[in-house]
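Q: Let me begin by handing over the structure; questions about it come next.
The values are calculated or read from the model by the stated rules, or taken from the named source; none is laboratory data. It should be emphasised that the depicted structure is a prediction, and the values quoted were computed from it without experimental measurement. Heads up, the Cβs are rebuilt from the backbone with ideal geometry, glycines too, and the neighbour counts pull from every protein chain shown. Remember, those area values only see protein heavy atoms, side chains included, never the ligands or the DNA or RNA. Shrake-Rupley method; radii C 1.70, N 1.55, O 1.52, S 1.80 Å.
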Amino acid sequence: MNTESPLLTARRLLTGVVGSRAYGLDHPESDVDLIRVAILPSSRFLGLNPPTGSALTFHGKTSIGDITVHEVGKFLGLCLSGNPTVIETLNLDAYTDETDETYRIRDLRGAVLSAPAIKTSFYGYANAQIQKAMASENPARREKTARHAYRLAHQGARLWRTGQVVVRADRDGCFAFGEAVAAGDHQRARKLVDWLGDEFHKPTILPDTPDRAAVESYLLDVRRRLG
């Protein structure tokens, strides 16, 4: 963990609670997982060694819980790639650290979406979680991983059908599926992946390409105003 990351002191644009507490899958001892979007000074991108890759994301802890901070350009790039967690961040009902920019960024929640990215990302994440669950020798870990695979699959299928990201999960369905996979029902696990693949072959309301012009316009504007 880089405790000297400039992202820790960078100007905050948005902070929200994600993870099990956002999904409605938490219990009293569940961790609090936060995602923050911050903006680094534009001057940092103008020299010979601008920050790239991992330098644009910070993972650490606060007094509240675990936190991931993405620089705004990195965050929007992840959204365009269909990353489920960052897309969820744009669709939360409320934010723990609201700024004037919070809802300007949130207004991009439709612009960042595209059918190819959502299909690849959500199917890939759900399938990876199922494979991880079936390979785990720890029943508790197997159950939790399968639970989130179920959540991802159904969230992705609904997004494909409706164009809407619903963060709150079907708690009963998630726990029932997790318990079944933890008990060794690998057939049910594989059926979930097959079902999601079939869903992604149906017609979708999502566009073929995201509105990159709108996303870039916002990014350039926020860097001019705040960077």
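Q: Output the antiparallel fraction of DSSP beta bridges having both residues in segment 1-104, as a percent to the nearest 5.
A: 65
Q: In whole angstrom, how far apart do the alpha carbon centroids of segment 124-194 and segment 53-102 sit?
A: 23
Q: How far apart, in nm, are the 7 Å Cα→Cβ label points at residue 46 and residue 94?
A: Between residue 46 and residue 94, the label points sit 4.1 nm apart.
Q: Return the FRET efficiency for the residue pair residue 194, residue 137: r is the Cβ-Cβ distance, R0 is 22 Å, and the value is rounded to the nearest 0.05.
A: It comes out at approximately 0.35.
Q: Separate question: Where both partners of a DSSP beta bridge lie in the chain, what percent of those bridges are antiparallel, to the nearest 5?
A: 65
Q: Could you state the angle between the C-alpha long axis of helix 115-135 and the longest principal axis of the C-alpha atoms of the chain, as a value from 0 to 90 degrees rounded to the nearest 10?
A: Long axis of 115-135 versus the principal axis of the chain: about 50 degrees.
Q: Enter the per residue convex hull volume of the chain, computed from alpha-carbon coordinates, in Å³ rounded to the nearest integer.
A: Dividing the Cα hull volume of the chain by its residues yields 132 Å³.
Q: Starting from the Cα of residue 61, draw a straight line to each of the lysines and keep only those under 28 Å, dropping any in the same chain fewer than 8 residues away.
A: 74, 132, 144
Q: I would also like to ask the following. Quote to one decimal, in nm, the extra length available between residue 81 and residue 29 on full extension: 0.36 nm per residue of separation minus the C-alpha distance between them.
A: Here the segment from residue 81 to residue 29 would lengthen by 15.5 nm.
Q: Any idea of the accessible area per residue across the chain, 1.4 Å probe, to the nearest Å²?
A: Per-residue value: 51 Å².
Q: Let me ask something else about it. Just the Cα atoms of segment 120-227, one point each, no solvent: what log10 I(q)/I(0) does Debye give at q = 0.13, 0.15, 0.16 Å⁻¹?
A: Values, matching the q order: -0.56, -0.67, -0.73.
Q: Rounded to the nearest 500 deg cm²/dmol, what is the calculated helix-only ellipticity per residue at 222 nm for the chain, with -39500 (n - 2.57) per DSSP H run of length n ≥ 4?
A: -15000 deg cm²/dmol
Q: As a test of the definition: which semi-axes, in Å, follow for segment 51-125 when you take the square root of five times each eigenvalue of its alpha carbon gyration tensor? Largest first, please.
A: Value: 21, 16, 13 Å, ordered largest first.
Q: Follow-up. Two decimals is fine: what is log10 I(q)/I(0) at q = 0.24, 0.25 Å⁻¹ for segment 1-87, from a Debye sum with one equal scatterer on every Cα and no solvent?
A: Summing over Cα pairs of segment 1-87 leads to -1.26, -1.32.
Q: So what's segment 171-227 giving for Cα Rg divided by 2.2 N^0.38 Å, two decimals?
A: 2.00
Q: Now, a different point. Could you compute the FRET efficiency for residue 183 and residue 158, with r as their C-beta to C-beta distance and R0 at 25 Å, rounded to 0.05?
A: E(calc), rounded to 0.05, equals 0.40.
Q: If you take all C-alpha pairs in segment 125-167, what percent of them are over 15 Å apart?
A: Considering segment 125-167, 42 percent of its Cα-Cα pairs are separated by more than 15 Å.
Q: So how far apart, in nm, are the two label points at residue 171 and residue 224 if each is 7 Å from Cα heading toward Cβ?
A: Taking the two extended label points, one gets 4.7 nm.
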